[in-house]
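Working notes, beginning with the structure itself.
The values are calculated or read from the model by the stated rules, or taken from the named source; none is laboratory data. Keep in mind the model is a prediction, meaning the values are calculated, not measured. Virtual Cβ from ideal backbone geometry, glycine too; neighbours counted across all protein chains shown.
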Amino acid sequence: MYVILPADRMLPPGAEEKPDTPYKTLYLLHGVIGNYTDWVTGTAVQRWAEEKNLVVVMPSGDNSFYLDQESGQNSYGEFVGQEIVEITRKMFPLSGKREDTYIAGLSMGGYGALRNGLKYSETFGRIGAFSSALITEGVKERTDDSPRYIETRSYAQSILGDLEKVGESDRDPRWLVEKLKKEGKKIPEIFMTCGKQDSLLGQNHVFRDFLIDAGADVTYEEWDGGHEWDFWNSSLKKLLEWLPLEEREAGISSGNVGL
């Protein structure tokens, strides 16, 4: 994982140091064929996190869609929804409050943020999902004819298991929303974006409309853009403006801490 920790800064002469308080935290997920460095190399996340006094934790999730894969004992969902939260709270001075803890991601990571933000809704107060690859949408109709492996039926089966049962499990964000409603639990607030030229725009519209009909607190924005970093950089900036963050006091930071 890579961690941005805005813990050091040189204050202007005469400025009064404020008491330390636990940091608000964003767990930020990459897309398919990506890794923990993607957000740092593709966006201005470091500068913006320091401006907002926000800790950002960026883990690697391989091509797992951040789901638990029982056959291989690879618990990627539990990893980002529970384990990494627990260990980073032990390692760094992070707030343990739900309202101070957020999860977001792009493409595969957008789905991962939605699924795990909803599944672990007692941990995450807000969710950000950019150009989400909502793999459960229309998954039963998939075949192996596509030249792109991530669009094939066999790949979906390796990630989701029995495709006939996906809609009745916690792998489907729709099912999780309905579960939270039945249990009378609070659905995290959700911020979604998708580019107008993105091939995933249609499925993002469908899921947005589902959330609205379900009574979820969802903010949706779209503008010109494709499935690319310029769009996700802009999406990240909009997310940080949407999150309940405060500008840090004036000062000069030396950079970030990488793990």
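Please enumerate the residues belonging to region 4-29 that are within 14 Å of residue 103 (Cα to Cα) and either free of Cβ contacts under 8 Å to residues at least 40 places away in the same chain or not hydroxyl-bearing (Ser, Thr, Tyr) (or both). Break it down stepwise before answering.
Looking only at region 4-29, we keep the residues that are within 14 Å of residue 103 (Cα to Cα), and these are 24-29.
Matches in region 4-29: 24, 26, 28, 29.
I'd like to check which helices (runs of 4 or more DSSP H) are fully inside region 1-110 and have at least 2 residues that are touching a helix residue (DSSP H, G or I) at 6+ places or on another chain (Cβ under 6 Å).
Hits in region 1-110: 38-42, 45-52.
Just the residues that are loosely packed, with under 15 Cβ neighbours inside 10 Å and either part of a helix (DSSP H, G or I) or among the aromatic types (Phe, Trp, Tyr) (or both), please, taken from region 165-178. Please lay out each step first, then the result.
Pass one, region 165-178, residues loosely packed, with under 15 Cβ neighbours inside 10 Å: 165, 167-169, 178.
Matches in region 165-178: 167, 168, 178.
Limited to region 49-66, what total is found for residues that are under 13 Å from the mean Cα position of the chain (by Cα) and of a type in the set (S, T, N, Q)?
1
Condition first: within 16 Å of the chain's Cα centre (by Cα) and surrounded by fewer than 23 Cβ atoms within 10 Å (Cβ to Cβ). Now tell me which residues in region 34-48 satisfy that.
34, 35, 36, 37, 38, 40, 42, 43
Starting from residues that are buried (at least 20 other Cβ atoms within 10 Å of the Cβ) and of a type outside the set (Val, Ile, Thr), keep the ones in region 1-22 and report whichever is farthest from the chain's Cα centre (by Cα).
Within region 1-22, the first condition is being buried (at least 20 other Cβ atoms within 10 Å of the Cβ), and the residues that meet it are 2, 4-6.
Among the residues that remain, those that are also of a type outside the set (Val, Ile, Thr) are: 2, 5-6.
Values: 2: 15, 5: 18, 6: 20 Å.
Across region 1-22, the extreme among qualifying residues is 6.
For region 126-134, state whether one or more residues are without any contact (Cβ under 8 Å) to a residue 60 or more places away in the chain and either in contact with a strand residue (DSSP E or B) (Cβ under 8 Å, 6 or more places away or on another chain) or not in a loop (DSSP other than H, G, I, E, B) (or both).
no
The rows are residues; the columns are (1) buried (at least 18 other Cβ atoms within 10 Å of the Cβ); (2) outside any loop (DSSP other than H, G, I, E, B); (3) at pLDDT below 95; (4) among the charged types (D, E, K, R).
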| position | (1), (2), (3), (4) |
| --- | --- |
| 184 | no, no, no, no |
| 194 | yes, yes, no, no |
| 205 | no, yes, no, no |
| 209 | no, yes, no, yes |
| 231 | yes, yes, no, no |
| 235 | yes, yes, no, no |
| 244 | no, no, no, no |
| 247 | no, no, yes, yes |
| 259 | no, no, yes, no |
